[in-house]
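Nothing in this text is a laboratory measurement; each read-out follows from the coordinates by a stated rule. Quick caveat, the model's predicted, so the values are computed rather than measured. Neighbour counts run over all protein chains shown; Cβ positions are idealised from the backbone, glycine included.
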Amino acid sequence: MSPRLVPAQRDATGRRDRPLRVTVDGVPADGIAGQTLAGLMLASGRTSWRRAPSGAPRGLFCGIGVCFDCLVTVNGEPDVRACRRRAVDGDEVTTHSRAGHGDADGPGRTAREER
Amino acid sequence: MTVPAARRVAVVGAGPAGLSAAHAALAAGARVTLIDAAEEPGGQYHRTVPETYGPQRPVRLQHGWRAFERRRRRVLAHPRCTWLPRTSVWALEQPQPEHEGPPRLHLLCAGPADGAGRTRHTLDVDALVLAVGAHDRVLPFPGWQLPGVCTAGAAQALAKGERVAVGERVVVAGSGPFLLPVAASLLDVGSRVLEVLEANTAATTARGWGRRPWELAAQAGKAVELAGHAAVLARHRVPYRTGRAVVEARGDGRVEEVVTARLRADWSVLDGTRRTLAVDTVCVSHGFSPQLELPLAAGCALDERPAPRCGPAGDGGADDARKSGRSGSLGAFVRVDEQQRTSVPWVFAAGEITGIAGAPSARAEGAVAGWSAATGGSTPRDPGRRRALRALRRSRDQGRAFAERLARAHPIGAAWPGWLRPQTVVCRCEETDYGSLCAAFATEAGSASRVAKLNTRAGLGPCQGRICGPTVAELRRRFLGDAPERPAEGLPRADPHRRPIAQPVRLGELAAPSAPLTDPGRRPEEESSS
């Protein structure tokens, strides 16, 4: 099984969820207000959303904004750390790939450009 | 008569150390600007679910939450405090020679993380307290780049901060007491923790903690906290194994199994002890790396602190010590004096950047730093204050002693590179492997770390060497010995933590004008009265 959000009725914090929906490469993904994009993507069944220069998949690593392995494009803004950005209803997330760009500088062309 | 203007103090980082520094500086009469990248104070230690979760009982699990909450309220509500959440310090600018004082702060304020359109500001103060904390240090091993392998800190941040379980079948591995609260957080969100693996042998850990037990008295709170986590593990029947580590992760596109192995005291693998275990997630931490970009940008001197060898001669540890050879390096920390002053005038440091010692020690250091920053380190006239400051310094010193024992009980064993294969990724960003690094070190030109960096690209990716920097530096040292590097003319000493731009800033944000934030902590109604 994959990562998941503790169901609200079983969560000892007694939270009251406000659902929201984003899209990841055009596919809808549901979450709740307050989640980071990384938390949302993990809990909605994605374990990776970025490709390293060799094309190898990458997912969440440090979780606190240090490793830059979780970069995504959000509403056209590239290189956003998914572990630090709170999801907003309607966010359009595009995944990154650094594959096939040789020594290309800087992170991330979007996956869409790759195909 | 004119009252001398209150000192303006900026505190960067609102975790246990920074919040405590702000609190002390306010108590000493300063105007304080408290800066943090997060929405709420607390840092990694006091992380909790966001307000938007609408929590009814948010703090069930937190150790020392009440005292933290009290301090948080007092600081944020204080009329002389300006609180800047969601703000990054992206650069520190050295003052002109004729100006006395700390560097100028360049801020990106009030915006979504990495979002365009944050506002750029500068801030000039009389004293600067750096309390930026640390992040997990993870040593490379084959397969550590697979999705599903994450830091212990990531697992905890998601559990405590978002109520997300990173996986269902989880192994927590590495070294240090931090593995316990991480495992407890995972259990709390419903993960199955298969085992917790401490790489150091029971003998190493016992020897490290066991010496001079009286030094631990002040850290009793920490012991109670750890005992609580251990009890949670016991209740869930989670095995805690010492002298065992995850030495490989395998899987197709994500981690599916790990290979664990028994280790000697120097972390070399004992033959015939490898076991594979099906998992969907591995959470790893081999210790912590202090976040040194801002201290270095401020020009603060660092101390290289070598790890103690595993065990002294004569108590059964001699054999281990001989086998372990050169000790692994713990890395560099900011040098501070009794008053938490760094080597740079009017720049103070507190918390994990001066040594990894945990929250109680960070709070004590923060309070001393806050007082020093606000007063210039003068001895308070009020006897009560004097006593309080003495008690804080004592608590800080005990914290330092605790840090030393922690390092001794959970050192990084010198033989860990034995886990690596030539094709093992060392720099995650650029996928530089161990074989290429060794080849680069082996060439004469490559022995200068800058040249090796340009040849192999290790440390040149998006994370700018934050993750691999200390590892590459350590591998280089092992390969070439401790011979000092030839200095390059006109360049500062090569340092894996040197990053002139401390946090990512967008070109559009750079191009936009920057407005100074004047007179931090001063509310409009105060202007006329002073």
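Mind grabbing the base-10 log of I(q)/I(0) for segment B:135-288 at q = 0.10, 0.12, 0.20 Å⁻¹? Debye formula, identical points on the C-alpha positions, no solvent, two decimal places.
One equal scatterer on each Cα of segment B:135-288 leads to -0.34, -0.49, -1.31.
Remind me, relative contact order of segment B:117-234 in percent, using alpha carbon pairs under 8 angstrom and six or more residues apart?
This gives 20 percent for segment B:117-234.
For the Cα atoms of chain B, what angle does the longest principal axis make with the long axis of helix B:152-162, in degrees from 0 to 90, nearest 10?
Long axis of B:152-162 versus the principal axis of chain B: about 50 degrees.
With each label point set 7 Å from Cα along the Cα-Cβ vector, what nm distance links B:Leu480 and A:Asp30?
So the two model labels end up 5.6 nm from each other.
Work out how much length B:Arg385 to B:Arg241 would gain on full extension: take 0.36 nm times their residue separation and subtract the Cα-Cα distance, in nm to one decimal.
Separation in residues times 0.36 nm, less the Cα-Cα distance, equals 47.2 nm.
Between helix B:65-77 and chain B, what is the angle of the helix's C-alpha long axis to the longest principal axis, kept within 0 to 90° and rounded to the nearest 10?
30
What average number of partner chain Cβ atoms lie no more than 10 Å from the Cβ of the residues making up A:31-42?
Taking all residues of A:31-42 together, the mean is 5.
What are the radius of gyration and Dmax of chain B, computed over its Cα atoms and given in Å?
23.3, 81
What is the ratio of the Cα radius of gyration of segment B:73-156 to 2.2 N^0.38 Å, with N the residue count, to two decimals?
1.54
Quick one: length gained pulling B:Asp495 to B:Arg274 fully straight, 0.36 nm per residue minus the C-alpha distance?
So the chain would gain 75.9 nm between B:Asp495 and B:Arg274.
Computed FRET efficiency, Cβ-Cβ of B:Gln96 and A:Glu92, R0 60 Å: what is it to the nearest 0.05?
The computed FRET efficiency comes out at 0.85.
So how do B:81-87, B:468-474 stack up, highest first, on mean other-Cβ count within 10 Å?
Per-residue Cβ counts within 10 Å, averaged per peptide and sorted highest first, yield B:468-474, B:81-87.
Helix B:179-188 versus the longest principal axis of chain B: what angle, 0 to 90°, nearest 10, using Cα atoms?
In chain B, helix B:179-188 runs at an angle near 90 degrees to the longest axis.
What relative contact order, as a whole-number percentage, does chain B give when Cα pairs under 8 Å and 6 or more residues apart are counted?
Result for chain B is 20 percent.
Give me the distance between the Cα centres of segment B:173-194 and segment B:73-111, rounded to whole Å.
Here the two parts' Cα centres lie 35 Å apart.
Looking at chain B, send over the antiparallel percent of its DSSP beta bridges, to the nearest 5.
In chain B, approximately 45 percent of DSSP beta bridges are antiparallel ones.
Given segment B:135-288, what percent of its DSSP beta bridges are antiparallel, to the nearest 5?
For segment B:135-288, the DSSP antiparallel bridge percentage is about 40.
Beyond 44 Å, what share of the Cα-Cα pairs of the protein assembly as shown remains, rounded to the nearest whole percent?
Above the 44 Å cut-off, the protein assembly as shown has 16 percent of its Cα pairs.
Taking R0 as 51 Å, what's the FRET efficiency between B:Ala231 and B:Val451 from their Cβ-Cβ distance, rounded to 0.05?
Efficiency at R0 = 51 Å is approximately 0.45.
Among DSSP beta bridges whose residues both lie in the protein assembly as shown, state the antiparallel percentage, nearest 5.
If I count the DSSP bridges inside the protein assembly as shown, around 55 percent turn out antiparallel.
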